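First comes the structure, then the notes that go with it.
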Amino acid sequence: MNVQITDRKGLLGASLRKLAERRLEFALQRFASRIRSVRLVVDDINGPRGGIDKTCRVTVGIRGIPVLVISDQDSELAKCLSRVADRLGATVSREVERLTRVDRQRPVAFDIAATAVNHAV
């Protein structure tokens, strides 16, 4: 799985970049065969002034499901990344379960002609 990371303000050092990749891959590894794309955007809303202004937004493309977007804000980027990864894993799991549940509930096509031939014999 390839995670595309965009760091708009240079917030991610090598260790935070590895943390982000590891957390996202762990959260999504069960669904790797269904995932088309994963994109993480990290930004600092108000620059060096501080506060709860670090944002993380993850966009995931999954086959059969509309694009999922999860975002969060925090004063610490590591906490923000971890929370987004946790929420992403839960959301993808829920959506994939919903998709498979709908697939299982579809009625199986019933072949009336084949049934009639079997009963006629």
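The values are calculated or read from the model by the stated rules, or taken from the named source; none is laboratory data. Bear in mind the structure is a predicted one, so any value in this text is a computation, not a measurement. Neighbour counts are summed over all protein chains in view; Cβ atoms, including those assigned to glycine, are modelled from backbone coordinates with ideal geometry.
Out of contact with any Gly (no Cβ under 9 Å at 6 or more places or on another chain) and buried (at least 17 other Cβ atoms within 10 Å of the Cβ), is that true of Ala78? Before the answer, list the steps.
Details: out of contact with any Gly (no Cβ under 9 Å at 6 or more places or on another chain): yes; buried (at least 17 other Cβ atoms within 10 Å of the Cβ): no.
Spelling it out, it is not the case that Ala78 is out of contact with any Gly (no Cβ under 9 Å at 6 or more places or on another chain) and buried (at least 17 other Cβ atoms within 10 Å of the Cβ).
Can you list the strands (runs of 3 or more DSSP E) found entirely within the range 1-80 that contain at least 2 residues being out of contact with any Phe, Trp or Tyr (no Cβ under 9 Å at 6 or more places or on another chain), of a type in the set (A, V, I, L, M) and without any contact (Cβ under 8 Å) to a residue 24 or more places away in the chain?
Ranges flagged: 65-74.
Determine whether the range 65-73 contains at least one residue that is surrounded by 13 or more Cβ atoms within 10 Å (Cβ to Cβ), among the small types (Gly, Ala, Ser) and either touching a Leu at 6+ places or on another chain (Cβ under 9 Å) or under 12 Å from Met1 (Cβ atoms) (or both).
There is no residue in the range 65-73 that is surrounded by 13 or more Cβ atoms within 10 Å (Cβ to Cβ), among the small types (Gly, Ala, Ser) and either touching a Leu at 6+ places or on another chain (Cβ under 9 Å) or under 12 Å from Met1 (Cβ atoms) (or both).
I'd like the residue in the range 32-46 that is over 18 Å from Arg17 (Cβ atoms) and not hydroxyl-bearing (Ser, Thr, Tyr) and, out of all such residues, is nearest to the chain's Cα centre (by Cα).
The selected residue is Ile35.
For the range 71-121, which positions are of a type in the set (A, V, I, L, M, F, W, C) and at pLDDT below 60? Before the answer, list the steps.
Quick first cut of the range 71-121, residues of a type in the set (A, V, I, L, M, F, W, C) only: 77-78, 80-81, 84-85, 88, 90, 92, 96, 99, 102, 108-110, 112-114, 116-117, 120-121.
Val108, Ala109, Phe110, Ile112, Ala113, Ala114, Ala116, Val117, Ala120, Val121, listed by residue number.
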